[in-house]
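> Got a structure here, written out as structure tokens. Questions coming.
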Amino acid sequence: MKKNFYYIWKVLQFAWRANGLYVSVKIFTDVYTATLYPLIQMILLARVIDLLVENMLLENLLWIGAAYTSASLLNYYLANYDGLKQPYFQNKMEFYLDSVITQKLSQLDPATFEKAKFQNSLAQLNGTIGVMVMLQERLSGLINAIVKVIAAGIILFPLFPIFIPLIVIATLPAYFVADRYRVKLFPYFITKRAKVRRVITYIYNLLSSDSTSKEAAIFKTGSVMQQKISQVKKGYFIPFNKISERGVYLQFLSTFLQLAAFLYAQYLLLLSVLRHVVSIGQFTLYFQQIMNLAYGVENILGMYSSISMRVDTVEAFFQFLEIESMIKPNPHPIPFPEKKDQGIEIAFRNVSFHYPKQDRDILHDFNLTMHPGEKIAIVGENGAGKTTLIKLLLRFYDVTEGELLINGINIKELDLNEWHKKVGALFQDFIKYQFTFKDNIAFGDLDKKPDESLLRTAMKQSGADTYFGTLPKGFDQIVGKMFDEGIDLSGGQWQKLALARAFFRNAPILILDEPTSAIDAKAEYEIFENVQKLQKDKTVIIISHRFSTVRNADRILVLDEGKIVEEGNHEKLMKKKGLYAELFELQAKGYK
Ligand SMILES: Nc1ncnc2c1ncn2[C@@H]1O[C@H](COP(=O)(O)OP(=O)(O)OP(=O)(O)O)[C@@H](O)[C@H]1O
Ligand SMILES: [Mg+2]
């Protein structure tokens, strides 16, 4: 009970922030149009009938007409206002919730997204918006029902005090039955439904998205996918139908008692009319109020159970908003230890690391110092731990043992945002922003004004200038096919664009994790010439499977199972005739 009201209060606060005054106007509108207005009408009608009987109607016509007209005008105004404005406010609420969710997502870190608990809670958000809007409606329904019952109580109590307990008791069985079925059916509206929808959406995307539809078309997986969908649907609809069918009968049975109580109350009312305790005019009023009492009590119970069912979903939403990043920011960070004209030194000291909830060390007792301005290449088999090394360096994860020093200071002591500003990075799975060409580059450094000359410099370094001329709208060209008028780029063109973004940042450290896997050999050669020449004072870390790319690096690290097994420049490693030489020969042979 306390929890229910706590979350109702939170939803109201939320609605208030999204829509302001509308929440209260809406609640008042519902109460007025559904309860107060009919009540006023009824009171006036009762008066009219009694005045007719007493033959006094004409003298009183003016005030009755005026009261009726003003009550009606208010009713029409509110009903119209609500009818026209509700979709607008509902959308506003939805968009407000969306913005709160995206804001939260943008504050969290990669390690958080990996947690299963987080993914579950994210998936549950699917139905949350609908639930919150619904909760708001149920709440105004509840208030409305309460007002109805209070009004009916005030009118009926002096003459028929018995009616209230009579009707409340008669409504309880129907309520318990309905509540039971509501609890059973509710998952079919939200969680179970969301599960089905997730599968269907996934398959939609699989069949239609640019990156997967080609494979689906050639392997003709469409029919198998449809089977998967119908299987999932079966698991949803069959039990759903069974439960709801059983509910129909039981609920029907339980309403008999309600009907009996209602009829008995009306019978008592009729008796008192016959005994002249109640006038004819009053009879109409009482008749309606007994109805209101019955509906009102039923609605209070119904709305309340409907609200309490939804509270869990709402609770999940508010819990989602309280999820914290895995990496806790240092509340008292040390100012970044700049070394004058010397760049930045990065040192791994006896670092071991395993991913959360896993035993296997990806790095074990790992030592490495990257000197300012050094061009370092990392090679190694799939799964050797190259990308993991980069993730640690950016503190997406904390090392499990040892320490990672930036200019001699433990990375945990630094302000993470400040550290990230010093790094330009391009990941294996980089983002293809389906926005303008210009955005794709400018997002590399939001603090910088994207002057055309700066954009062009970055494009030139990455080779994105080579196809720039083919874009009809130049910098304002939307790239990608997701939105109207977008033009898709080739794999290599996307990569060049993403590289331009990393270059645009112009940070003292540049990290490129397989930046050129889709770029042709000639363009790749030119890009790395540029990296060597233009990024002279910068530390550059390149991960690549192409040995032609790495051979010019100052130092090449060969990584195997989380350890550096060889290190040195190309000549030194070739002379050593170890793993590097072997792999290099293997690749070179392929080209001969
Ligand atoms: N988020 C994660 N959770 C658990 N294990 C992970 C996670 N990411 C990577 N791993 C594991 O860590 C190991 C190293 O992965 P990593 O991505 O660092 O390899 P890599 O050297 O970059 O490989 P590739 O050349 O394929 O990109 C792999 O065995 C992988 O299965
Ligand atoms: Mg990798």
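The values are calculated or read from the model by the stated rules, or taken from the named source; none is laboratory data. Here the structure is a predicted model, which means the values were calculated and not measured. Reconstructed Cβ throughout: ideal geometry from the backbone, glycine too, with neighbour counts over all protein chains shown.
> Hey, among Gln90, Gln86, Gln107, which residue is under 15 Å from the mean Cα position of the chain (by Cα) and either surrounded by 13 or more Cβ atoms within 10 Å (Cβ to Cβ) or at negative phi (or both)?
Result of the check over Gln90, Gln86, Gln107: Gln107.
> Would region 460-467 turn up any residue that is crowded, with 17+ Cβ neighbours inside 10 Å, small (Gly, Ala, Ser) and closer than 26 Å to Leu363 by Cβ?
Within region 460-467, not a single residue is crowded, with 17+ Cβ neighbours inside 10 Å, small (Gly, Ala, Ser) and closer than 26 Å to Leu363 by Cβ.
> Given the criterion under 18 Å from Gln428 (Cβ atoms), within 39 Å of the chain's Cα centre (by Cα), within 16 Å of ligand 1 (Cβ to nearest atom) and buried (at least 22 other Cβ atoms within 10 Å of the Cβ), identify the matching residue among Ile511, Ile519.
Sole residue among the options that is under 18 Å from Gln428 (Cβ atoms), within 39 Å of the chain's Cα centre (by Cα), within 16 Å of ligand 1 (Cβ to nearest atom) and buried (at least 22 other Cβ atoms within 10 Å of the Cβ): Ile511.
> Now a separate question. Quick check: is even one residue across region 463-471 at pLDDT below 90 and either assigned to a helix (DSSP H, G or I) or touching a Ser or Thr at 6+ places or on another chain (Cβ under 7 Å) (or both)?
Checking region 463-471: not a single residue is at pLDDT below 90 and either assigned to a helix (DSSP H, G or I) or touching a Ser or Thr at 6+ places or on another chain (Cβ under 7 Å) (or both).
> While we're on this one: In region 545-563, what residues are over 15 Å from Ala588 (Cα atoms), within 13 Å of ligand 1 (Cβ to nearest atom) and not in a strand (DSSP E or B)?
Glu561, Gly562 - these are the residues of region 545-563 that are over 15 Å from Ala588 (Cα atoms), within 13 Å of ligand 1 (Cβ to nearest atom) and not in a strand (DSSP E or B).
> Scan region 525-534 and give yes if some residue there is basic (Lys, Arg), more than 42 Å from the chain's Cα centre (by Cα), farther than 28 Å from Gln434 by Cβ and away from ligand 1 (no atom under 16 Å from the Cβ), otherwise no.
yes
> For residues in region 369-393 being within 13 Å of ligand 1 (Cβ to nearest atom) and charged (D, E, K, R), which is nearest to the chain's Cα centre (by Cα)?
Within region 369-393, the match that is nearest to the chain's Cα centre (by Cα) is Lys391.
> In addition: Farther than 24 Å from Pro372 by Cβ, in contact (Cβ under 8 Å) with a residue 40 or more places away in the chain and either of a type in the set (A, V, I, L, M, F, W, C) or more than 16 Å from ligand 2 (Cβ to nearest atom) (or both), is that true of Asp484?
no
> Turning to a different aspect of this structure: Quick check on my filter: what residues within region 505-532 are more than 16 Å from ligand 2 (Cβ to nearest atom), at pLDDT 90 or above and either of a type in the set (Val, Ile, Thr) or in contact with a helix residue (DSSP H, G or I) (Cβ under 6 Å, 6 or more places away or on another chain) (or both)?
Scanning region 505-532 gives a single hit, Ile509.
> Then there's this: Looking only at region 5-33, how many residues end up being buried (at least 19 other Cβ atoms within 10 Å of the Cβ) and closer than 23 Å to Tyr68 by Cβ?
Going through region 5-33 one residue at a time, the tally reaches 4.
> Please specify each residue of region 533-553 satisfying the condition of being within 16 Å of ligand 2 (Cβ to nearest atom) and in contact with a strand residue (DSSP E or B) (Cβ under 6 Å, 6 or more places away or on another chain).
Answer for region 533-553, where residues must be within 16 Å of ligand 2 (Cβ to nearest atom) and in contact with a strand residue (DSSP E or B) (Cβ under 6 Å, 6 or more places away or on another chain): Ile541, Ile542, Ile543, Val550.
> Search region 507-523 for residues that are among the acidic types (Asp, Glu) and pair each with any residue that is surrounded by fewer than 22 Cβ atoms within 10 Å (Cβ to Cβ) and assigned to a helix (DSSP H, G or I) when their beta-carbon atoms are under 6 Å apart and the residues are at least 6 apart or on different chains.
That search, which allows pairs on different chains as well, returns Asp513/Thr387; Asp513/Ile390.
> Same structure, new question: Give region 479-504 a look and list any residue that's of a type in the set (A, V, I, L, M, F, W, C), surrounded by fewer than 20 Cβ atoms within 10 Å (Cβ to Cβ) and either in a strand (DSSP E or B) or in contact with a helix residue (DSSP H, G or I) (Cβ under 8 Å, 6 or more places away or on another chain) (or both), or say none.
Once the filter is applied, which keeps residues that are of a type in the set (A, V, I, L, M, F, W, C), surrounded by fewer than 20 Cβ atoms within 10 Å (Cβ to Cβ) and either in a strand (DSSP E or B) or in contact with a helix residue (DSSP H, G or I) (Cβ under 8 Å, 6 or more places away or on another chain) (or both), region 479-504 yields only Ile487.
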